[in-house]
Structure formats: structure tokens, C-alpha cells
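Visitor: Provided herewith is a single structure, encoded as C-alpha cells, for subsequent inquiry.
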Amino acid sequence: MEATPDATDGLVRALPDTLASKIAAGEVVQRPANALKELVENALDAGAASIDVTLRKAGSELIQVLDDGCGMGPTDAVACFGRHATSKLRRFEDLESLRTLGFRGEALASIASVSQVELKTRRRDDEAATCVRADGGEVVDVSPCAAPEGTCISVRNLFFNVPARRAFLKSPATEFKHLVEAFQALALSHPHVAFSLVHDGTEVWRLPAAEGDDALAIRLGALAGGGLDGRLVAVEESTSYLSVTGLVAHPDRARRSRGEQYLYINGRYVKSRSLDHAVGSAFGALLPERRHALYALFLDVDPRHVDVNVHPTKTEVKFDDDRGVYRFVQAVVKRS
């Protein structure tokens, strides 16, 4: 009988930060659209009134997000590249009252670990902006610079140091489609914010800030290509811990695909087959065969009753009463 080798001590080691960040990037940043989503969410959390997105080569060469938000000082500009660096959480109990889009402090560190990043940021009262450059997760330069109030972050050569990940990207057309979907979902949920999207020098979207009670309808109509005037039905109802507002389109505006079904939980765009089914079943026979309802629904839930951290990219949620939420959404849409 072969002898069992002696156990060797010292086999268990902590991962180097650069390797840990690359592993985290594989979960959080699976494709350029994930990076864009994280960067735009940061801009929205910073209170931006205008967000301009510039892309090159479907995001593989450049993803740039320019905002006019609150900006950061020199210390925070460097600290934001650290793993688990966040301004949103101070204690575990804060998870029960989160209302911001980002909170874990993992995204920027993950993005920077697999790209070359330049961050320029300035607060209103600062005389000079701060420029931070990072290469493969390592901060290589910090210096003062000239820049307007707000933040401009440029992510270049995504996955340049992870060839296997870059090789698994789909065609530029497919990756661009995902980028547009992420952009549209964020632009729709913030109709009072102006958005623009330029790809390879061509302006794809320019969405002025919409004002008034019809802001959501205006933004949804712009994104859907028009033809929705008078064909949108308002949805609004609430219970003690759950409310839903939004718009559903008349059945004669149903789509062949599910691409224009927008669902948000506490302001965060999510995907839920269960709630998509709840909306579809509410229409019942009113929907033409093989057509899907167009809608934008916003659920506001007591954070204690929903877990937004069940997926690395935070696109899935879990309710403590899934069946009850399903029935509520179905009933509200059916009445509307």
C-alpha cells in the first residue's frame, strides 16, 4: 500500500491583490456593457444632471463616461481604486436601507485590474482637478490637472492583460447591442438626466433631460422610436411595504421581442422572469400571439424585504415573498 505523503505546511496563502482583482473582474465585468453600467451608475450616484458616453470598437478600445456630478477630492480619487472601497456603507445594518445603485466598492477596482484607466475629477470648490492613471490595477500616476466640475473616467483596452477573457467576447455588433441595452435601461430610469452616446465618432443617442409629470413617457417614447403617443397606460398602486408605478403600452404596441421590457427595483434595473411572466399574464388574450408587452415598471420595496446582492452584477433580486410580489404586479397591471 502506497504511503500517504506528509502534509506540507504553508500551502494556504492569501492571493495577491492584483490576482484577486482579476478574479473579481471575471464576476463583475464579464463584458464591456458591465463596465459601462457600473461607470454610469457611479455618475448617477454622484448626482449628475448630464452624462455623456463615448465608445470605440464596441467598448474594447474605449469606454468613457463624462458627468457633471459632485466630483471627488485627491484622496478619494485614489482611494476609489481600492478593493471594497465605498462611500455607501459604514456598517452591516446599512445594507437594510440602501437606496444607491452601487455600494460594494468592487466595480472600479475590478475594471481597473483588467484595463488602463484614466480618472479626472474635480469638486466645485477645488482650484484644480485630480488625474489618476491606473494600469492593470496599479496606480501609476497621480497629479493635478485642468478639468470641469464632475468626473471623466476613460477605460481603455479592456481585458488587455487577460487574453482568454478578451477572446471570449462576442462580435463587435453583439457587444455593441449589449452596450446599447445597458445605456437605454439607465437612461430610461433617470429621465430628468440628459444622456448622450457616441460610438466610433457617430452619435447614436442624444436624450435631453425630460421635465414634468410626463418625463418617463417622453423618455420611453424617445427610446422606443416614437409611436406611443396616447398608447401608454399609467400604472400606480401601493401596499404597506410595496408600491409600483410606471407605464405599460397598449396591446397594439406589443413587440416581437422582449427587448423593451424594463423592470426596476428601488431604482435598479433588474431581470426577473417571474415578474415578466406576471405582466404578460395580466394582459392575457389581449396580447397578439408571439408578441410581448412593452412596459417600464418601477417597484419600490422596503429594502428589508428584498436582497439586491444575490448576483455579482446586481441584475437579479430575491424577495422574501416572491409569490406575493408576483400576484401584486399581476393584479395592478391587469386593472390598469
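The values are calculated or read from the model by the stated rules, or taken from the named source; none is laboratory data. It should be emphasised that the depicted structure is a prediction, and the values quoted were computed from it without experimental measurement. Here the Cβ positions follow ideal geometry from the backbone for every residue, glycine too, while neighbour counts run over all protein chains shown. With ligands, DNA and RNA removed, areas are computed over all heavy atoms of the protein, side chains included. Shrake-Rupley method; radii C 1.70, N 1.55, O 1.52, S 1.80 Å.
Visitor: The conditions are (1) in a loop (DSSP other than H, G, I, E, B); (2) under 22 Å from V204 (Cβ atoms), and A173 fails exactly one of them. Which is it?
Guide: (1)
Visitor: Taking interchain pairs and intrachain pairs at least six residues apart, which have beta carbon atoms under 6 angstrom, with the first residue in the range 110-123 and modelled with pLDDT of 95 or more and the second of a type in the set (S, T, Y)?
Guide: What qualifies is E118/S154; T121/T130; T121/T151.
Visitor: Kindly check whether there is at least one residue in the range 254-264 that is open to solvent by less than 20 Å² (accessible area, probe 1.4 Å), among the charged types (D, E, K, R), within 22 Å of the chain's Cα centre (by Cα) and within 25 Å of V193 (Cβ to Cβ).
Guide: Scanning the range 254-264 turns up no residue that is open to solvent by less than 20 Å² (accessible area, probe 1.4 Å), among the charged types (D, E, K, R), within 22 Å of the chain's Cα centre (by Cα) and within 25 Å of V193 (Cβ to Cβ).
Visitor: Taking S60 as the residue in question, decide whether it is in contact with a Lys or Arg (Cβ under 6 Å, 6 or more places away or on another chain), among the polar types (S, T, N, Q), at pLDDT 90 or above and within 19 Å of R165 (Cβ to Cβ).
Guide: No.
Visitor: Taking only the range 190-221 into account, find how many residues are part of a loop (DSSP other than H, G, I, E, B) and open to solvent by less than 10 Å² (accessible area, probe 1.4 Å).
Guide: 1
Visitor: Would you point out the residue of the range 298-307, among those that are closer than 15 Å to S238 by Cα and in a strand (DSSP E or B), that is most open to solvent (accessible area, probe 1.4 Å)?
Guide: D300
Visitor: Next question, about the same structure. Please pick out the residue among A224, A187, A182 that is at pLDDT below 95, open to solvent by less than 30 Å² (accessible area, probe 1.4 Å), under 26 Å from Q330 (Cα atoms) and of a type outside the set (D, E). Write out each step before concluding.
Guide: On the way: A187 fails: at pLDDT below 95; A182 fails: at pLDDT below 95.
The unique qualifying residue is A224.
Visitor: While we're looking at this one, here's another question. Working only within the range 265-297, note down all residues that are within 14 Å of L188 (Cα to Cα) and open to solvent by 40 Å² or more (accessible area, probe 1.4 Å).
Guide: Selection gives Y269 alone.
Visitor: Can you pull out every residue in the range 255-279 that is free of Cβ contacts under 8 Å to residues at least 60 places away in the same chain and within 12 Å of A224 (Cβ to Cβ)?
Guide: Matches in the range 255-279: R255, E260, Q261.
Visitor: Quick one: would you say R133 is without any contact (Cβ under 8 Å) to a residue 24 or more places away in the chain, more than 30 Å from N266 (Cβ to Cβ) and among the charged types (D, E, K, R)?
Guide: On the way: without any contact (Cβ under 8 Å) to a residue 24 or more places away in the chain: yes; more than 30 Å from N266 (Cβ to Cβ): yes; among the charged types (D, E, K, R): yes.
Yes, satisfied.
Visitor: Also, I was wondering about something else. Sort out which residues of the range 170-179 are over 16 Å from V65 (Cβ atoms) and open to solvent by less than 10 Å² (accessible area, probe 1.4 Å), and write them in order of number.
Guide: Matches in the range 170-179: E175 only.
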